[in-house]
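Report on one structure; see the data block that follows.
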Amino acid sequence: MAKIALAGEGGQGVQAIAQIMVNAAFNEGKNACYLPNFGLEQRGGVSLSFVQISDSEIGAPKFKISDIVIALSKRAVVRTKQYVGPDTIFIYDNTRVAESPDYAARKILGIPATDVANKELSSRVFNIIILGTVIKVTGILGVDSVKYALQESLKEKFLKNPDLKDLNFKALESGMSLVEEVL
Amino acid sequence: MYLRATEEVPITLVDFDLVNPFYTLRPIKDTLENLGLKVIAWGKNTFMGLGEASSLLRSDMLWALHRKGNIVFDVGYGTYGAEIFNLLEDNAEGRLNIFGVVNICKPLTSTVTGIVKYVKEFGKINGIINNSHWGDKTDITIINEGIIIVSEASKILGVPVISTTVEKKLAEKIGPADFMGNPVWPLTLYMGNAYW
Amino acid sequence: MSNKKPVEGEKRAFLTGNETVAWAALAGGADIMYGYPITPQNQVMHTWSRIIPPYNRKFLQTEDEISAGFANCAGALAGKKSFTATAGPGNALMQEPQSMAEAMRIPAVFIIQQRGGPSSGTVIYSQQELTLTTYGGNGEGWRIVYSVCNHQEIYDYTIKAFNTAWTYRFPTYVMGDGYQAELREALTIYDPEERGIKMVEPQPMVGMPGKPGVDRPPVHLVNIYSLEEELYDVCIKYQMEFDRISGEITESEGKNTENPDVLVIGHGVVFRSIHEAVKEMMKDGLNVGYFRPVTVRPMDVKALRNAVKNAKKVLVAESSLGQLERQIKAYCYGLTTPISGYFLPGMGIVATDIEREVKALLKK
Amino acid sequence: MVQKRPKIPDGWFEDSKPHLFCPGCGYGIIFKAVAQVVDELDIRDRMIYGIDIGCSLLSYNFFNFDTIQTHHGRTTPVIYGVKRAVPEKMCLGIFGDGGGYAIGSQHLVSSALRNEKIFCILANNTVYGMTGGQLAPTTLPDQKTETTPYGKKVEEYGWPMQGPEMIAAIGSKDVYAARGIVSNFRQLKRFVTRGFQNNLDNRGFSFLEVLSCCPTNWRTNAKETWEHLDKVMTKYFKPGEINNPLEQKEGK
């Protein structure tokens, strides 16, 4: 069972990667549920999503303490504090957030996702780098099934521009190795 | 001025309240007819208005003045006052005696100036009926106060007090005329059952 | 236009609750939806209007929820399976036509996705529309309300709602909430007929074949009466029918209701947490159980009273300030089991909340 | 001499006669026009008739066709609800100035905007009849009502509503918008025919306001009633066709 809270600014693609994750879980025959926050915040506020992936039945769709929290902006770091417990792994983008938050989590990991995206890949695949880190940290989903779900969700874009597929897969792998370095 | 129904000179009551007819003749139509009166109103079971509130005009109401005997119209309140009689057929000038019924226990007619204003708004009338009462709490003090206030208003308006109406038991104590000389009409009350 | 079935065989699907409503309505043979935007049910309309063209179904976005509700009544009166979806202030506005549906026995289907209240509240979630949905309007609550807890149930009960409505001719509701509306989760979608579920054919109440006054008398439908007695007769007749059919309609589920130390009661999405918590606590050897009404109107009173009577203590958990608890207490009048409440108005309840509350009750 | 009774239209439901309306009410004339046109167009088997709470309520069994009584102002959404579900029906709603211009105005506005293929007839008598003579959106300046006992002040309540003009302004060229008057029956019947025809052609929304009379609430006798209708009301409300797509189609 993995409970994952993802938070970022509108346009960072938080909801898209949550959806890819639960689709991959669904394809693997796992129980999955995904609850986007859809408060007034969805217009110009922090974009939040709650993902649960499990081999057994899933209870309440929202949870209080997250196994993994991903925060991709300064505001997101503040907004997600309430989901952090002593067993939580807290991941943030250390390009955008200079100081590591002093939350009482099991681990706090800074990932230079924005930096890597801009310099090595493309700013467009920033969120896919994050997806890679989540996959790596949770270990609950197979890389192939995530790649399949990724391909399905971006099918039309990949058809128009086949290079995009490579770029996205590279981003996924780079996210996985980035987090491996700091784990 | 006391009306009594006879074979030759019957009395017809017309329910002519078009604004807020929550006390109406409808529910007591049968009772009144058994007393020898004729009643023009929607009967409780024949009423088919499906109405929100308003009573509906019927042509027998409009043509009531063609009937034999004395016709009594109950017109309720309404911003048009006496203009309601425009609706009647063959309502020649002077055919109607219009009496304003006032009760000093109603806020708008509780003072002399109040009564004068109220009656003037209604239009031209021929007399005032002092119907001052406080429901079943009525006592002789209220009756006396009513007599003084209404008589004073009648002087200012220049229209006579036709009667002071008093529930039968109290009326017996007062006698045939009140202390201002107005005739006293003893009342038998049916209104308790007249709430639609 | 194609006569192809929208869903063939059994299909695994991963959908939001709102999408599930639309697909269920399509598979259940709904002819027309009337709706007005309000969060969190918007996606029901988005999905419905997107998927219907091949199947000759219809959608109308009206000028407000009052209109959507009345048009929904009209569609059903005209003999079409019609439905609408709303929430919060929209549900409040729609009480007027819902009350007409009760008065005229109109088999209209309403989907309610509860949001936070009072007033605009939040667009997110609550269970604060229980009273409104079961007993709103100027009437007596002749409504059939299914309170669902997961996407499979949203699908199953949306299909069932059309059959219930057209069998019994009382307005029928599927009540979810904002969490369920926006949640994405797995379910199996299917064609009901292939599962052996017989779909009830709608029958018009006006506009039947033939020339009125020649082939048949004209139909004059009214919901206003001249006399107290006429209305009284109608009310008594409808109440008796509602009571009579209640036995056929009510649904509930229970676990360890024979003699639990604590019985937890909850409906809708909160039941998911209750289910999880009770399962965990039973594993730990605690003598706890649950009762869950599926129909919150009419209530399965017999099963409820039995469960409450057998329990030492009762805990009602809900995302509102006692709307369910008040109903439970009324239904359990005369029983002596102490009933307490865990209320989080407009907030989600998780399994650990339930466990903590139950354990506190056990210690007392 | 045997006086020949005028023929009762087939579209009237004879069992419900005599009807329930006040003597002198304008509705009877509107209903006569409607029933005659329904008979002439031979559309009785397609009719769905909706009524408000308001005096139109009293026609719940007036016609020989299927009728749905709705709520205050809600006739319009009910009849377009039927029309959208079963487009072959001819859906007619009749209501008053309160139902159409006040409590149900959003429905009328949106029906014109969406060009719902329904026919709405609105009786304008400048007053709320059934609830006992209160202010209406059409009440004339200085007119006394039970809620404006000292006369309607324009600065408080505005000028009388210009309904068909509004509908014509909102709707497309396919909307039929007209104002008739119960004292001109031939014209009224022509307008009713065109209203139905616009729906029959599946062209657009039809709206007909009819200047009607309410002697009960006006407190007027027969002569005064007709004078008020013809001379006073027409100062504020001009009878005629504001938008007639049928003529446009004929290339006039």
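Hey, any hits in segment A:16-35 for a residue that's touching a residue at least 24 places away in the same chain (Cβ under 8 Å), closer than 27 Å to C:E280 by Cα, assigned to a loop (DSSP other than H, G, I, E, B) and in contact with a Cys (Cβ under 6 Å, 6 or more places away or on another chain)?
Within segment A:16-35 (the criterion being touching a residue at least 24 places away in the same chain (Cβ under 8 Å), closer than 27 Å to C:E280 by Cα, assigned to a loop (DSSP other than H, G, I, E, B) and in contact with a Cys (Cβ under 6 Å, 6 or more places away or on another chain)), the answer is no, since none of the residues qualifies.
Restricting to segment C:272-301, and then to whatever is over 20 Å from C:Y342 (Cβ atoms) and without any contact (Cβ under 8 Å) to a residue 12 or more places away in the chain, can you tell me which residue is surrounded by the fewest Cβ atoms within 10 Å (Cβ to Cβ)?
That would be C:G285.
Give me the helices (runs of 4 or more DSSP H) completely within segment D:150-239, filtered to those with at least 2 residues that are in contact (Cβ under 8 Å) with a residue 40 or more places away in the chain and within 14 Å of chain B (Cβ to nearest Cβ), ordered by residue number.
Values: elements: D:154-157, D:163-170, D:185-200, D:215-218, D:222-227.
In segment D:150-239, D:215-218, D:222-227 are the helices (runs of 4 or more DSSP H) which contain 2 or more residues that are in contact (Cβ under 8 Å) with a residue 40 or more places away in the chain and within 14 Å of chain B (Cβ to nearest Cβ).
Select from segment A:56-76 the residues that are in a helix (DSSP H, G or I) and open to solvent by 10 Å² or more (accessible area, probe 1.4 Å) and list them in ascending order.
A:K74, A:R75 - these are the residues of segment A:56-76 that are in a helix (DSSP H, G or I) and open to solvent by 10 Å² or more (accessible area, probe 1.4 Å).
Mind checking which residues of segment D:14-50 are away from chain B (no Cβ under 14 Å) and more than 17 Å from D:L188 (Cβ to Cβ)?
Listed by number, the residues that qualify are D:E14, D:D42, D:I43, D:R44, D:D45, D:R46, D:M47, D:I48, D:Y49, D:G50.
Provide a single number: the residues in segment B:105-141 that are open to solvent by less than 70 Å² (accessible area, probe 1.4 Å), in a loop (DSSP other than H, G, I, E, B) and under 21 Å from B:F179 (Cβ atoms).
The total comes to 7.
Is at least one residue of segment A:141-157 in contact with an Asp or Glu (Cβ under 8 Å, 6 or more places away or on another chain) and of a type outside the set (G, A, S)?
Checking segment A:141-157: at least one residue is in contact with an Asp or Glu (Cβ under 8 Å, 6 or more places away or on another chain) and of a type outside the set (G, A, S).
Can you pull out the residues in segment D:76-90 that are more than 9 Å from chain C (Cβ to nearest Cβ) and either within 24 Å of D:E14 (Cβ to Cβ) or open to solvent by less than 20 Å² (accessible area, probe 1.4 Å) (or both)?
Across segment D:76-90, the qualifying residue is only D:M90.
Tally up the residues in segment C:44-78 that are of a type in the set (D, E) and in contact with a His (Cβ under 8 Å, 6 or more places away or on another chain), please. Steps first, please.
Our first condition is that a residue be of a type in the set (D, E); within segment C:44-78, this holds for C:63-65.
Filter once more, so that each one left must be in contact with a His (Cβ under 8 Å, 6 or more places away or on another chain): C:63.
Of the residues in that region, 1 qualify.
If I ask for residues that are crowded, with 22+ Cβ neighbours inside 10 Å, more than 8 Å from chain C (Cβ to nearest Cβ), within 16 Å of D:G104 (Cβ to Cβ) and not aliphatic (A, V, I, L, M), which ones from segment D:51-75 would you list?
Correct list: D:D52, D:G54, D:C55, D:S56, D:G73, D:T75.
Among what's in segment D:91-127 and is facing another protein chain (nearest Cβ under 9 Å) and open to solvent by 10 Å² or more (accessible area, probe 1.4 Å), pick the residue that is nearest to D:T145 (Cα to Cα).
That would be D:Q106.
Of all residues in segment B:56-71, count the ones that are small (G, A, S) and not in a helix (DSSP H, G or I). Walk me through it before giving the result.
To start, the set of residues in segment B:56-71 that are small (G, A, S) comprises B:59, B:64, B:69.
When the remaining residues are screened for being not in a helix (DSSP H, G or I), the result is B:69.
Summing the residues that are small (G, A, S) and not in a helix (DSSP H, G or I) in segment B:56-71 gives 1.
Hey, B:V102 hits all of (1) more than 10 Å from chain D (Cβ to nearest Cβ); (2) over 19 Å from B:V39 (Cβ atoms); (3) surrounded by fewer than 18 Cβ atoms within 10 Å (Cβ to Cβ); (4) touching a residue at least 24 places away in the same chain (Cβ under 8 Å) but one; which does it fall short on?
(3)
Kindly indicate the residue of segment C:237-253 that is open to solvent by less than 70 Å² (accessible area, probe 1.4 Å) and of a type in the set (A, V, I, L, M) and also farthest from C:F162 (Cα to Cα) among those meeting that condition.
Filtering first and then ranking leaves C:I245.
Working carefully through the options D:T131, D:T139, D:T126, find the one that is outside any helix (DSSP H, G or I), in contact with a strand residue (DSSP E or B) (Cβ under 8 Å, 6 or more places away or on another chain), polar (S, T, N, Q) and within 19 Å of D:S56 (Cα to Cα).
Within the list D:T131, D:T139, D:T126, the selection yields D:T139.
Tell me which residues, restricted to segment B:142-196, are over 25 Å from B:T24 (Cα atoms) and either in contact with a His (Cβ under 6 Å, 6 or more places away or on another chain) or open to solvent by 80 Å² or more (accessible area, probe 1.4 Å) (or both).
B:E145, B:I148, B:K155, B:I156, B:E172, B:K173, B:P176, B:F179, B:M180
Just give me the residues in segment C:18-33 being of a type in the set (A, V, I, L, M) and either free of Cβ contacts under 8 Å to residues at least 60 places away in the same chain or in a helix (DSSP H, G or I) (or both), in sequence order.
If the condition is that a residue be of a type in the set (A, V, I, L, M) and either free of Cβ contacts under 8 Å to residues at least 60 places away in the same chain or in a helix (DSSP H, G or I) (or both), then C:V21, C:A22, C:A24, C:A25, C:L26, C:A27, C:I32, C:M33 are the ones that fit.
Which is under 14 Å from the mean Cα position of the chain (by Cα), open to solvent by 40 Å² or more (accessible area, probe 1.4 Å) and not charged (D, E, K, R), of A:Q19, A:Q82, A:Q12?
On inspection, the qualifying residue turns out to be A:Q19.
Select from segment C:182-201 the residues that are assigned to a loop (DSSP other than H, G, I, E, B) and over 26 Å from C:Q43 (Cβ atoms) and list them in ascending order.
C:G196, C:K198, C:V200, C:E201
Scan (1) modelled with pLDDT of 95 or more; (2) over 25 Å from D:N199 (Cβ atoms) for the single condition D:P164 breaks and write down its number.
For D:P164, the failing item is (2).
What number of residues within segment C:198-233 are more than 8 Å from every other protein chain (Cβ to nearest Cβ) and more than 26 Å from D:V86 (Cβ to Cβ)?
6
Considering segment C:61-83 alone, what residues qualify as being under 17 Å from C:G29 (Cα atoms) and over 21 Å from the mean Cα position of the chain (by Cα)?
Once the filter is applied, which keeps residues that are under 17 Å from C:G29 (Cα atoms) and over 21 Å from the mean Cα position of the chain (by Cα), segment C:61-83 yields C:A78, C:G79.
Of everything in segment B:72-99 that's assigned to a helix (DSSP H, G or I) and within 14 Å of the chain's Cα centre (by Cα), which residue is surrounded by the most Cβ atoms within 10 Å (Cβ to Cβ)? Before the answer, list the steps.
Here is the first cut: in segment B:72-99, the ones assigned to a helix (DSSP H, G or I) are B:81-87.
Now restrict to residues that are within 14 Å of the chain's Cα centre (by Cα): B:81-82.
Numbers: B:G81: 21, B:A82: 17.
Here the answer is B:G81.
Which of (1) surrounded by fewer than 17 Cβ atoms within 10 Å (Cβ to Cβ); (2) under 23 Å from D:G98 (Cβ atoms); (3) aliphatic (A, V, I, L, M) does D:I181 not meet, given it meets every other one?
Tallying (1) surrounded by fewer than 17 Cβ atoms within 10 Å (Cβ to Cβ); (2) under 23 Å from D:G98 (Cβ atoms); (3) aliphatic (A, V, I, L, M), D:I181 fails exactly one: (1).
Go through segment A:133-163 and count every residue that is of a type outside the set (S, T, Y) and over 18 Å from A:L121 (Cβ atoms).
12
Looking for whichever is closer than 13 Å to C:I112 by Cα, of a type in the set (A, V, I, L, M, F, W, C), in contact (Cβ under 8 Å) with a residue 24 or more places away in the chain and within 14 Å of chain D (Cβ to nearest Cβ) here; the options are C:F59, C:F83, C:F70. Which one fits? Please lay out each step first, then the result.
Details: C:F59 fails: closer than 13 Å to C:I112 by Cα; C:F70 fails: closer than 13 Å to C:I112 by Cα.
Just one listed residue meets the conditions, C:F83.
Which of the residues that make up segment A:132-161 are within 15 Å of A:A32 (Cβ to Cβ) and touching a helix residue (DSSP H, G or I) at 6+ places or on another chain (Cβ under 6 Å)?
A:I135, A:L141, A:S145, A:V146, A:A149, A:S153
Please specify each residue of segment D:153-169 satisfying the condition of being of a type in the set (D, E) and open to solvent by less than 80 Å² (accessible area, probe 1.4 Å).
If the condition is that a residue be of a type in the set (D, E) and open to solvent by less than 80 Å² (accessible area, probe 1.4 Å), then D:E165 is the only one that fits.
The values are calculated or read from the model by the stated rules, or taken from the named source; none is laboratory data. Worth saying up front: this structure is predicted, and the values here are computed from it rather than measured. Here the Cβ is made from the backbone with ideal geometry for all residues, glycine too, and neighbour counts use every protein chain on show. The accessibility values were calculated without ligands, DNA or RNA, using every heavy atom of the protein model including side chains. Shrake-Rupley method; radii C 1.70, N 1.55, O 1.52, S 1.80 Å.
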